[in-house]
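Comments concern the structure below.
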Amino acid sequence: MASQELSLAINGRERQLSARLVPYRPPAAGGNGHGPGPATVAIVGLGYVGLPTALALHGRSPRILGIDISAGRLAVIAAREADLAEADRPVLDAALRSGALELTSDTGAVSAADAVIICVPTPVDSAHVPDLAALRGACASVVAGARPGQTIILTSTTYVGTTRELLTEPLAARGLIAGRDVFVAFSPERIDPGNPDHEHRETPRVVGGVTTACAERAAGLVSLLTDRVYVLSSPEAAEATKLYENIFRAVSLALANEFADACTALGLDPIEVTLAAGTKPYGFLGAFPGPGVGGHCIPCDPYYLLWQLGKRDHRSPLIEQAMRSIALRPGRVVDRAAEMTGAAGLAGARVVVVGASYKAGVADLRESPAIPIIDGLVARGAAVSFFDPLVPVLRLPSGREIRTVREPRGEDFDLAIVHTLHPGAGYAWVAACKQVLDATYQFDAAPHRAVV
């Protein structure tokens, strides 16, 4: 078992507390996490988590059933056109060619599996209320197709108590008791899209089983994906762990953006200050500022806790304020753009947004700050374009679609707003723009740039 220090800003005392973590150790007569796993594993949901999870099992489980109710998504995967890390593309091709990965929209196929991993999206609606439709539907399908002996793991980020509510209790109503007939657990996903430094195998996972037997079975399955698995006391502890991880990130990013504004007011570089603070080996866990927060996790997951606590009349003012700050950040970028374009504001200004996806190296537009930024620019009368080599088209809340500028020229724009910088893409043209607003705080190719 590889050792790993905890990432805790508690002045080094994490070493005294690490013994409270329980690492999973495979039985002496069993596998070591690298050999063949269950004969058949079903992955329910083939999105940004499910598909990489299925590919991580290739070579460790003889048969992988990839289940997704979207025929369009299955077609994209079958055509090898899914948005994946470059290292996963040959794995997908090999898994499909060999037949080890079978794609189907039939949710009843879960009954053929020895183990089931549920990886469906858990978004929030426009009022920041959890949208549980996909989660409830997937869990109901798994319960309906469950059979004795199966190991069932939920990985989707959700509210505390979901595993028991949507899996354990409905299974019991069918006569399948967790820990005796089936083995049920929660193990939150920890996938970092677009970051090759955080691979499946090298990222530790936690598992919370409904019973000790459930935890043991589930940890054995998860150990096929990663070298380090820690066993928690319950599924609720594992569910809360994931929420805390993402809430911490949300609060950190809100603080980073606020501190960046303070640095700008004082004529300081927030990146330099953050890096300098990061040299302290204890008591500081920094984040970098930006144009806002996007993706499937940070802008959504904290609301699962706030929603659940709200039903109990419990407030979390710090989390609430962090989420408000995150929601307001794109508007701050628009305001800064208006300041830069002069007395007329943005009316008639030719503005190009550089990078539209929420994160470098991915084509994912979910919750991307670029969308409210562009929407805000349009509302103020700007003529808006965008450039993103990974995103051919984006849709605004109004339904209007905008296509990327394939060969942008800086001379054609009054203002460039640097939003996302993809590795390997060319951005030299941005320096020819009359004005450059660097919302990443890290774009050095335009000496005349300003920051938010």
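The values are calculated or read from the model by the stated rules, or taken from the named source; none is laboratory data. Note that the structure is predicted; figures quoted are calculated from it, not measured. Backbone-built Cβ (ideal geometry, glycine too); neighbour counts: all protein chains shown.
Selection over the range 111-124 of residues that are out of contact with any Lys or Arg (no Cβ under 9 Å at 6 or more places or on another chain) and either of a type in the set (A, V, I, L, M) or at pLDDT below 95 (or both) gives a count of 5. Out of curiosity, is residue 73 modelled with pLDDT of 95 or more, of a type in the set (D, E, K, R) and over 23 Å from the mean Cα position of the chain (by Cα)? Judged against the criteria, residue 73 is not a match. Only a single criterion out of (1) modelled with pLDDT of 90 or more; (2) of a type outside the set (Gly, Ala, Ser); (3) under 25 Å from the mean Cα position of the chain (by Cα) is not satisfied by residue 62, namely (3).
Here the condition is being out of contact with any strand residue (DSSP E or B) (no Cβ under 6 Å at 6 or more places or on another chain), at pLDDT 75 or above and outside the structural domain of residue 114 (by TED's automatic domain parsing); of 92, 96, 8, it holds for 8 alone.
Give the residue, chosen from 269, 364, 335, 261, that is closer than 30 Å to residue 240 by Cβ and charged (D, E, K, R). None of the others qualify; the one that does is 364.
Which residues, taken from the range 313-355, are among the hydrophobic types (A, V, I, L, M, F, W, C) and under 23 Å from residue 255 (Cα atoms)? Scanning the range 313-355 gives 318, 319, 322, 323, 326, 327, 328, 333, 334, 337.
Given the options 313, 414, 388, name the one that is in contact with a Cys (Cβ under 8 Å, 6 or more places away or on another chain) and of a type in the set (Asp, Glu).
414
Restricting to the range 59-82, count the residues that are at negative phi and surrounded by fewer than 17 Cβ atoms within 10 Å (Cβ to Cβ). Residues in the range 59-82 being at negative phi and surrounded by fewer than 17 Cβ atoms within 10 Å (Cβ to Cβ): 9 in total. Condition first: out of contact with any strand residue (DSSP E or B) (no Cβ under 9 Å at 6 or more places or on another chain), among the basic types (Lys, Arg), under 30 Å from residue 423 (Cα atoms) and modelled with pLDDT of 95 or more. Can you find one or more residues in the range 243-256 that meet it? Yes, the range 243-256 has at least one match.
Within the range 83-142, if we keep just the residues that are in contact with a helix residue (DSSP H, G or I) (Cβ under 6 Å, 6 or more places away or on another chain), over 15 Å from residue 50 (Cα atoms) and of a type in the set (S, T, N, Q), the residue that is surrounded by the fewest Cβ atoms within 10 Å (Cβ to Cβ) turns out to be 111.
Condition check ((1) surrounded by fewer than 23 Cβ atoms within 10 Å (Cβ to Cβ); (2) free of Cβ contacts under 8 Å to residues at least 24 places away in the same chain; (3) at positive phi) across all residues:
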{"residue": "369", "(1), (2), (3)": "no, no, no"}
{"residue": "396", "(1), (2), (3)": "yes, no, no"}
{"residue": "401", "(1), (2), (3)": "yes, yes, no"}
{"residue": "404", "(1), (2), (3)": "yes, no, no"}
{"residue": "416", "(1), (2), (3)": "no, no, no"}
{"residue": "419", "(1), (2), (3)": "no, no, no"}
{"residue": "431", "(1), (2), (3)": "yes, yes, no"}
{"residue": "442", "(1), (2), (3)": "yes, no, no"}
{"residue": "451", "(1), (2), (3)": "yes, no, no"}
